[in-house]
1. Suppose we keep only residues that are assigned to a loop (DSSP other than H, G, I, E, B), of a type in the set (A, V, I, L, M, F, W, C) and within 16 Å of the ligand (Cβ to nearest atom) within the stretch 128-143. Which one would you say is surrounded by the most Cβ atoms within 10 Å (Cβ to Cβ)?
2. Just for strands (runs of 3 or more DSSP E) wholly inside the stretch 14-116: which have at least 3 residues that are small (Gly, Ala, Ser) and within 30 Å of Lys165 (Cβ to Cβ)?
3. For Met1, work out the one condition from (1) in a loop (DSSP other than H, G, I, E, B); (2) modelled with pLDDT of 95 or more it doesn't fulfil.
4. Within the stretch 79-100, how many residues turn out to be more than 17 Å from Asn30 (Cα to Cα) and among the hydroxyl-bearing types (Ser, Thr, Tyr)?
5. Taking Gln145 as meeting all but one of (1) in contact (Cβ under 8 Å) with a residue 12 or more places away in the chain; (2) of a type outside the set (A, V, I, L, M, F, W, C); (3) assigned by TED's automatic domain parsing to the domain that holds Ala18, write down the number of the exception.
6. Taking interchain pairs and intrachain pairs at least six residues apart, which have beta carbon atoms under 9 angstrom, with the first residue in the stretch 109-129 and under 19 Å from Ser78 (Cα atoms) and the second acidic (Asp, Glu) and buried (at least 16 other Cβ atoms within 10 Å of the Cβ)?
7. Just to be sure before I move on: is Ile125 in contact with a strand residue (DSSP E or B) (Cβ under 9 Å, 6 or more places away or on another chain), over 30 Å from Cys159 (Cα atoms) and surrounded by 22 or more Cβ atoms within 10 Å (Cβ to Cβ) in the structure I sent?
8. Please go through the stretch 60-102 and give me each residue that is basic (Lys, Arg) and modelled with pLDDT of 95 or more, ordered by number.
Amino acid sequence: MSRLYRYVGAEDIRLSVAASPVGIPIFSVNDLHNWINQTMQKPNNWGLIPATFVIDNEGYLRVADRHSEHIACAGGESVLSAGEIFFTCNQHGFEVAEITNQSTGYCPESESWFQVEKALEKIPILHPGNFTTEFIFRRCPVCRQLNIVKDELFLCAVCNANLPKIWNCDC
Ligand SMILES: [Zn+2]
């Protein structure tokens, strides 16, 4: 099942990033190389280059500086997945070392991995085979707060109401 995720985050964030640059589409490893050089991305303490990513509605990976909002990276459009990505460079060239579905703007399900995989294999770039950290997002049916479910505890952090077992963030 392929879900197109529309932005479900805060309206003030959506408005504040309206003029931010859109994420760069990565069609090849060369594009990734150019983006890293031109935007002077620096490895973190673990030697990994972090970035914000979305899979756009045409199925391509788009990346932006790691502190960018996903809605800006996506140019305000709906996405097939979103999260944080960490690149490494070794003797095989660039690889994806770590990748998550952490995006409180789009709240993508972990099942959106297959769209990420398709996008990465189009480039192609080696990847870990799944999200290395998975996040579960739910909207509280009572107070509408967007929650990240922790330790399988399906309870709203604000009002303690039960959170549904199925994804509901766009309702
Ligand atoms: Zn609540």
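1. Applying the first criterion (assigned to a loop (DSSP other than H, G, I, E, B)) to the stretch 128-143 yields 128-132, 134-136, 140-143.
From the residues that got through so far, the ones that are of a type in the set (A, V, I, L, M, F, W, C) too are 131, 135-136, 140, 142-143.
Filter again for within 16 Å of the ligand (Cβ to nearest atom), leaving 136, 140, 142-143.
Working: Ile136: 17, Cys140: 20, Val142: 13, Cys143: 13.
Ranking the qualifying residues of the stretch 128-143, first place goes to Cys140.
2. Working: elements: 49-56, 61-64, 79-90, 93-99.
Of the strands (runs of 3 or more DSSP E) lying wholly inside the stretch 14-116, those with at least 3 residues that are small (Gly, Ala, Ser) and within 30 Å of Lys165 (Cβ to Cβ) span 79-90.
3. (2)
4. Looking only at that region, the number is 2.
5. Condition (3) is where Gln145 drops out.
6. Ala119/Asp56
7. Working: in contact with a strand residue (DSSP E or B) (Cβ under 9 Å, 6 or more places away or on another chain): yes; over 30 Å from Cys159 (Cα atoms): yes; surrounded by 22 or more Cβ atoms within 10 Å (Cβ to Cβ): no.
No.
8. Passing the criteria: only Arg62.
The values are calculated or read from the model by the stated rules, or taken from the named source; none is laboratory data. Quick caveat: nothing in here was measured; it's all calculated off a predicted structure. Positions of Cβ are generated from backbone atoms using ideal geometry, with glycine treated the same way; all protein chains shown enter the neighbour counts.
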